[in-house]
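J.: Supplied in structure tokens, the structure appears directly below.
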Amino acid sequence: MFNEFRQTQLLYRVCSLLIKAQQDNDEVFNQIVALLCQELRVTGSSIWIATHQGGIGQQRLAFFQAGEKLSYSLPNLDYQAAALVFEQGNGLVLHNIHNDENFHEAKRNDLWVTAYPLKNKSELIGVFCIWDNCNKRTHQERENFVSLVQKVGSELTNGLYNYKQYSQANHKRIVKELETARRIQFDLMPKELPVLQGISLGVRTIPANEVGGDYLDIFLTNSKHLGIAIGDVMGKGIPAALWMAMTKVAMRTAAKDDTQPHIAVSQVNSVLFPDLSRQGIFVTLLYALYDPYNKTLLFSNAGHLPPLLFRSKTQKVEPLQLKGAYIGGVENKIYQISGVRLQKGDIVLFYTDGLIEALNSAQKQLGVEKVAELLNSNALYDASQIIDRLIVDLGQFTGDYHQTDDITLAVLKVEE
Amino acid sequence: MRIISVENLEEGMEIGRTIHGENGTTLLAAGVELTSRFINRLKELGIASVYIRDDAVGEIEIDDVVSERTRLEALKVTKEVMSNINLNSSSFDIQMVNDVVDNIINELLANRDIVVNVLDIRAINDFTYGHSVSVAILSIITGIAMGYDHTKLSKLAAGALLHDIGKSKFPEHLLNKVDPLNEEEEQLFQGHTIAGFEILKNIREFSLAAAHVALQHHERYDGTGYPRQLKGEGISEFARIVTVADIYDKMTTSIVGRPRCMPFQALEIIMANRGIFLDPEVVEHFMNIIALFPVGTTVLLNTGEKAVVIQTSRKHPTRPEVRVFIDRDGKLITPPYEINLVYSSNYFITRVIEEG
């Protein structure tokens with residue numbers, strides 16, 4: 001099936017890719033598994049690396065699955081196969097895996113797997129898996145195949161070892177860069193609040209230790225209306241911080257000319273959709289536009305938590321409900337618009353899920369009802385004082401318990 | 001100096017502010033070094049927290065709205081008046097009450113923008129006299145905030161000071177009862193409003209408006225109170241003020257079976273009840289006269305540092321001036337440094353450290 005020459009050629013390409021991996025480029029491993037799947041015409045392939053955080057663990061460095069639709073989840077089977085190798089330290093060649101008690105999920109009897117332990121001296125540093133349809137090949141072909149997998153595997157061992165050495169050295173630098181990212185992200189949060197007659201404003205972000213994806217922006221539009229945008233990028237780390245910055249730019253651009261909220265949000269989605277959908281990332285986004293002259297608040301919502309409106313007259317809190325898909329969820333989505341007229345003393349609280357999902361040591365969440373209650377019992381203060389008070393109430397609730405999510409809130413109060 | 005809860009007191013700590021008993025006697029004087037006996041005594045008295053001298057924090061000036069002398073004098077007069085009534089006398093020396101009330105008003109009027117920023121530290125059995133004086137002080141400050149003149153303040157103050165005078169006729173064993181009152185006892189208890197009114201209205205020279213405070217201080221704004229289920233403006237303004245002061249003072253001091261609230265928590269409950277039990281306009285004035293974080297409160301800042309509140313202002317209740325004395329790693333900062341949170345918007349308080 002695969003002559004010596006092509007085998008050598010393949011190995012050469014794998015090796016040349018592995019050299020790149022030493023520059024801490026783990027994307028290379030994805031290229032390798034894709035290459036193998038295409039060249040060997042197999043169902044799927046993966047590379048796993050051993051992690052040592054709190055005992056031996058495993059992390060998938062790369063995974064590729066050929067186009068065919070499967071009635072089961074190959075990534076799940078792949079996880080189990082790798083876990084077996086990590087656990088036992090030996091290679092695994094399984095035909096008809098549906099007979100194996102470890103692989104209940106496989107409903108097909110034609111799938112076979114070769115899971116090869118990547119060992120540097122005696123230390124197991126990774127696992128290399130190849131998934132294939134066994135009916136496609138003769139017994140002899142399979143034997144050849146296993147020997148090829150071994151050859152590729154031993155190259156991968158070296159590559160993985162170098163990669164690991166390099167990434168450990170890089171770890172410190174990455175921590176430092178994450179710190180920078182966190183600072184940059186913090187700097188992207190509004191510092192100077194716009195001044196507008198008749199209202200008070202307050203904002204606050206409490207960043208979690210990791211780089212989070214909370215986004216908040218407050219600005220005046222061309223005709224001196226107030227724009228408030230709040231959102232949350234799903235995920236953490238540098239990608240979340242990057243997407244937060246992208247969202248901010250897209251939102252500012254879309255909102256510049258007093259664009260109606262639903263049009264602005266639809267536009268943000270159109271701009272960001274291609275990249276977001278390719279990377280499988282979603283962003284929640286709520287954009288509200290406040291007109292101080294007739295005290296109306298228009299808003300559109302792409303999957304973000306509804307703001308809470310405190311009505312001074314009734315002393316009741318109601319969520320400003322409006323449904324809409326996440327940014328990056330539906331292509332060319334046309335979002336809806338809704339609005340309320342505010343009165344003196346009314347308060348709108350915009351927030352991210354970190355607030356209501358804040359945990360105390362008993363693992364109890366603060367909850368939206370409690371937030372609504374606190375809004376009522378601090379309603380006589382101005383917006384920045386309300387924020388200060390909510391933060392103390394939050395702190396009183398959580399105590400010393402460490403929060404893993406960013407907490408962002410913005411308050412708009414109609415003062416006159 | 002800072003406030004430390006009694007559970008966290010240790011032997012060798014030094015009392016920062018004198019603690020008085022219900023007669024105005026000294027329970028523990030400032031400067032006394034705590035022994036385990038003293039600590040146990042404080043627990044028995046149901047005192048929740050005390051001011052302690054703390055070298056790490058240094059000196060902090062604690063400026064009560066009313067001088068200690070005037071407060072003690074008021075305590076003495078209240079006790080004398082109320083216990084005389086108890087002995088079946090139906091009258092008291094009105095001049096004595098007027099004098100002490102005037103002293104308080106004059107001291108309060110001398111300051112502008114008064115903010116109550118001292119934690120009232122009282123023993124659990126001091127729920128009548130000490131409470132009465134505090135309610136009078138809080139009511140006067142609210143009255144000042146509402147623009148009352150001296151004459152009006154005097155009437156309000158007399159009514160506030162003696163709002164519970166009807167309790168003098170109430171059996172003492174029921175006053176000290178830990179369990180909830182049964183229906184009959186509750187009826188009897190509610191009678192202290194009418195009893196108080198009866199006493200006060202029969203005293204010549206005691207204003208009728210002030211006497212109504214005793215009658216109406218358990219009425220609720222929404223008409224669900226007692227004894228008459230009066231509603232809204234149907235309740236006298238004096239009584240509406242005293243009701244708020246009364247509730248606040250009860251919440252912030254220990255009562256048998258219920259731990260005290262911190263001022264900011266009590267204010268939240270008061271605000272949540274505006275327009276329900278309490279007059280919303282009075283609440284709006286009242287919230288401005290109370291410091292959310294009394295001087296001496298230990299707070300955690302967003303930087304992870306610990307600080308003690310050293311100065312409060314009426315205009316920026318959530319942003320006091322603080323002295324930072326423990327860094328984010330838990331190490332003492334020597335010497336501590338001060339930040340005014342009004343001018344340092346990057347800093348904010350994330351919680352109050354009750355445990356001291």
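J.: Among A:Gly44, A:Gly91, which is surrounded by 12 or more Cβ atoms within 10 Å (Cβ to Cβ), modelled with pLDDT of 80 or more, more than 17 Å from A:Lys164 (Cβ to Cβ) and touching a Leu at 6+ places or on another chain (Cβ under 8 Å)?
T.: Working: A:Gly91 fails: touching a Leu at 6+ places or on another chain (Cβ under 8 Å).
After applying the criteria, what remains is A:Gly44.
J.: Give the residue that is farthest from B:Val65 (Cα to Cα), with candidates limited to residues of the range B:303-317 that are more than 28 Å from the chain's Cα centre (by Cα) and open to solvent by less than 40 Å² (accessible area, probe 1.4 Å). Reasoning before the result, please.
T.: From the range B:303-317, those more than 28 Å from the chain's Cα centre (by Cα) are B:303-305; that's our starting set.
Now narrow it down to the ones that are open to solvent by less than 40 Å² (accessible area, probe 1.4 Å): B:304-305.
Values: B:Gly304: 32, B:Glu305: 30 Å.
Filtering first and then ranking leaves B:Gly304.
J.: A follow-up question, please. Restricting attention to the range B:318-356, and to residues there that are touching a residue at least 40 places away in the same chain (Cβ under 8 Å), part of a loop (DSSP other than H, G, I, E, B) and surrounded by 13 or more Cβ atoms within 10 Å (Cβ to Cβ), which single residue is nearest to the chain's Cα centre (by Cα)?
T.: Among residues in the range B:318-356 that are touching a residue at least 40 places away in the same chain (Cβ under 8 Å), part of a loop (DSSP other than H, G, I, E, B) and surrounded by 13 or more Cβ atoms within 10 Å (Cβ to Cβ), the one nearest to the chain's Cα centre (by Cα) is B:Glu354.
J.: Further question on the same structure: Could you identify the single residue in A:Thr404, A:Thr408 that is more than 14 Å from chain B (Cβ to nearest Cβ) and β-branched (Val, Ile, Thr)?
T.: On the way: A:Thr408 fails: more than 14 Å from chain B (Cβ to nearest Cβ).
Residue meeting the stated conditions: A:Thr404.
J.: Step by step: first the residues of the range A:331-366, then only those that are in a helix (DSSP H, G or I) and among the aliphatic types (A, V, I, L, M), then the one that is most open to solvent (accessible area, probe 1.4 Å). Which residue is that? Even if it seems obvious, please write down each step before you answer.
T.: From the range A:331-366, those in a helix (DSSP H, G or I) are A:353-356; that's our starting set.
If we keep only those that are among the aliphatic types (A, V, I, L, M) too, we end up with A:355-356.
Working: A:Leu355: 7, A:Ile356: 23 Å².
Restricting to residues being in a helix (DSSP H, G or I) and among the aliphatic types (A, V, I, L, M), the top hit is A:Ile356.
J.: May I pose another question? Give all pairs with beta carbons closer than 6 Å in which a residue from the range B:35-58 that is more than 18 Å from B:Ala123 (Cα to Cα) meets a residue that is hydrophobic (A, V, I, L, M, F, W, C) and not in a helix (DSSP H, G or I); count only pairs at least 6 apart in sequence or on separate chains.
T.: B:Arg53/B:Met1; B:Ala56/B:Phe325; B:Ala56/B:Leu332; B:Val57/B:Val308; B:Val57/B:Phe325
J.: Considering the range B:261-280 alone, what residues qualify as being within 26 Å of B:Val299 (Cβ to Cβ) and open to solvent by 50 Å² or more (accessible area, probe 1.4 Å)?
T.: B:Gln265, B:Ile269
Conditions tested, residue by residue: (1) modelled with pLDDT under 95; (2) more than 16 Å from B:Thr303 (Cβ to Cβ); (3) of a type outside the set (Val, Ile, Thr).
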| site | (1), (2), (3) |
| --- | --- |
| B:Pro320 | no, no, yes |
| B:Gly330 | yes, no, yes |
| B:Pro335 | yes, yes, yes |
| B:Tyr343 | yes, no, yes |
| B:Glu354 | yes, yes, yes |
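J.: Now for a different question. Please specify each residue of the range A:10-41 satisfying the condition of being loosely packed, with under 14 Cβ neighbours inside 10 Å and at pLDDT 75 or above.
T.: A:Glu27, A:Gln38
J.: Could you please find all residues in the range B:44-63 being of a type outside the set (Lys, Arg), under 16 Å from B:Arg2 (Cβ atoms) and open to solvent by 40 Å² or more (accessible area, probe 1.4 Å)?
T.: Correct list: B:Asp55, B:Glu59, B:Glu61, B:Asp63.
J.: Output the number of residues of the range B:88-112 satisfying the condition of being touching a residue at least 60 places away in the same chain (Cβ under 8 Å) and out of contact with any helix residue (DSSP H, G or I) (no Cβ under 9 Å at 6 or more places or on another chain).
T.: Matching residues across the range B:88-112 total 0.
J.: Determine the pairs where a residue that is under 19 Å from A:Leu285 (Cβ atoms), located within the range A:350-366, has a partner that is among the hydroxyl-bearing types (Ser, Thr, Tyr) with Cβ atoms under 6 Å apart, the partner being 6 or more residues away or on another chain.
T.: A:Thr352/A:Thr408
J.: For the range B:241-276, what are the residues that are part of a strand (DSSP E or B) and within 14 Å of another protein chain (Cβ to nearest Cβ)? Can you show your working first?
T.: Quick first cut of the range B:241-276, residues part of a strand (DSSP E or B) only: B:255, B:258, B:274.
Selection gives B:Arg274 alone.
J.: Of the residues in the range B:281-293, how many are more than 9 Å from every other protein chain (Cβ to nearest Cβ) and open to solvent by less than 10 Å² (accessible area, probe 1.4 Å)?
T.: Residues in the range B:281-293 being more than 9 Å from every other protein chain (Cβ to nearest Cβ) and open to solvent by less than 10 Å² (accessible area, probe 1.4 Å): 5 in total.
J.: Which residue is nearest to the chain's Cα centre (by Cα), if the candidates are limited to the range A:235-272 and must be closer than 12 Å to A:Val283 by Cα and touching a residue at least 60 places away in the same chain (Cβ under 8 Å)?
T.: Applying the filter and picking the extreme gives A:Ala241.
J.: I'd like the full set of residues that are more than 20 Å from A:Thr352 (Cα to Cα) and open to solvent by less than 20 Å² (accessible area, probe 1.4 Å), limited to the range A:233-263.
T.: A:Ala254, A:Ala255
J.: Kindly indicate which of B:Leu332, B:Leu341 is within 11 Å of chain A (Cβ to nearest Cβ) and farther than 14 Å from A:Asp400 by Cβ.
T.: Values: B:Leu332 fails: within 11 Å of chain A (Cβ to nearest Cβ).
Only one candidate passes the filter, namely B:Leu341.
J.: Taking B:Arg112 as the residue in question, decide whether it is in a loop (DSSP other than H, G, I, E, B), crowded, with 23+ Cβ neighbours inside 10 Å and of a type in the set (D, E, K, R).
T.: On the way: in a loop (DSSP other than H, G, I, E, B): yes; crowded, with 23+ Cβ neighbours inside 10 Å: no; of a type in the set (D, E, K, R): yes.
Criteria not met by B:Arg112.
Every residue, every condition in (1) more than 12 Å from chain B (Cβ to nearest Cβ); (2) of a type in the set (Lys, Arg); (3) part of a loop (DSSP other than H, G, I, E, B); (4) surrounded by fewer than 17 Cβ atoms within 10 Å (Cβ to Cβ), yes or no:
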position	(1), (2), (3), (4)
A:Thr314	no, no, yes, yes
A:Leu322	yes, no, yes, no
A:Ala379	no, no, yes, no
A:Arg389	no, yes, no, no
A:Val392	no, no, no, no
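J.: For the range B:201-215, enumerate the residues that are assigned to a helix (DSSP H, G or I) and either without any contact (Cβ under 8 Å) to a residue 24 or more places away in the chain or over 23 Å from B:Leu278 (Cβ atoms) (or both). Walk me through it before giving the result.
T.: First, the residues of the range B:201-215 that are assigned to a helix (DSSP H, G or I): B:201, B:208-215.
Within the range B:201-215, B:Lys201, B:Leu208 meet the criteria.
J.: Turning to a different aspect of this structure: Report whether or not A:Leu298 is surrounded by fewer than 18 Cβ atoms within 10 Å (Cβ to Cβ), in contact (Cβ under 8 Å) with a residue 24 or more places away in the chain and not in a loop (DSSP other than H, G, I, E, B). First the steps, then the outcome.
T.: Working: surrounded by fewer than 18 Cβ atoms within 10 Å (Cβ to Cβ): yes; in contact (Cβ under 8 Å) with a residue 24 or more places away in the chain: yes; not in a loop (DSSP other than H, G, I, E, B): yes.
Here the answer is yes, as A:Leu298 does meet what is asked.
J.: Take the residues in the range A:367-377 that are more than 10 Å from chain B (Cβ to nearest Cβ) and either free of Cβ contacts under 8 Å to residues at least 24 places away in the same chain or open to solvent by 10 Å² or more (accessible area, probe 1.4 Å) (or both); name whichever of them is nearest to B:His285 (Cα to Cα).
T.: A:Ala372
J.: So B:Gly196 ticks every box in (1) at pLDDT 95 or above; (2) part of a helix (DSSP H, G or I) but one. Which box is left unticked?
T.: Tallying (1) at pLDDT 95 or above; (2) part of a helix (DSSP H, G or I), B:Gly196 fails exactly one: (1).
J.: Which residues, counting only those in the range A:394-416, are open to solvent by less than 20 Å² (accessible area, probe 1.4 Å) and either under 31 Å from the mean Cα position of the chain (by Cα) or under 18 Å from B:Met262 (Cα atoms) (or both)?
T.: To start, the set of residues in the range A:394-416 that are open to solvent by less than 20 Å² (accessible area, probe 1.4 Å) comprises A:394-395, A:398, A:406-414.
Across the range A:394-416, the qualifying residues are A:Leu394, A:Gly395, A:Thr398, A:Asp406, A:Ile407, A:Thr408, A:Leu409, A:Ala410, A:Val411, A:Leu412.
J.: Right, something else. Are any residues in the range B:207-247 out of contact with any helix residue (DSSP H, G or I) (no Cβ under 6 Å at 6 or more places or on another chain) and of a type in the set (Gly, Ala, Ser), and if so, which ones?
T.: Listed by number, the residues that qualify are B:Gly223, B:Gly225, B:Gly232, B:Gly234.
J.: Right, something else. Search the range B:5-24 for residues that are closer than 8 Å to B:Val50 by Cβ and pair each with any residue that is surrounded by fewer than 19 Cβ atoms within 10 Å (Cβ to Cβ) and among the polar types (S, T, N, Q) when their beta-carbon atoms are under 8 Å apart and the residues are at least 6 apart or on different chains.
T.: B:Ile19/B:Thr26
J.: When you check B:Ser313 against the structure, is it over 26 Å from B:Val50 (Cβ atoms), of a type outside the set (Asp, Glu) and not assigned by TED's automatic domain parsing to the domain that holds B:Ser49, yes or no?
T.: Working: over 26 Å from B:Val50 (Cβ atoms): no; of a type outside the set (Asp, Glu): yes; not assigned by TED's automatic domain parsing to the domain that holds B:Ser49: yes.
Spelling it out, it is not the case that B:Ser313 is over 26 Å from B:Val50 (Cβ atoms), of a type outside the set (Asp, Glu) and not assigned by TED's automatic domain parsing to the domain that holds B:Ser49.
The values are calculated or read from the model by the stated rules, or taken from the named source; none is laboratory data. Quick caveat: nothing in here was measured; it's all calculated off a predicted structure. When we count neighbours, we look across all protein chains shown, and the Cβ atoms used for this are built from the backbone with ideal geometry, even at glycine. We work out accessible area using only protein heavy atoms, side chains counted, and drop any ligands, DNA or RNA first. Shrake-Rupley method; radii C 1.70, N 1.55, O 1.52, S 1.80 Å.
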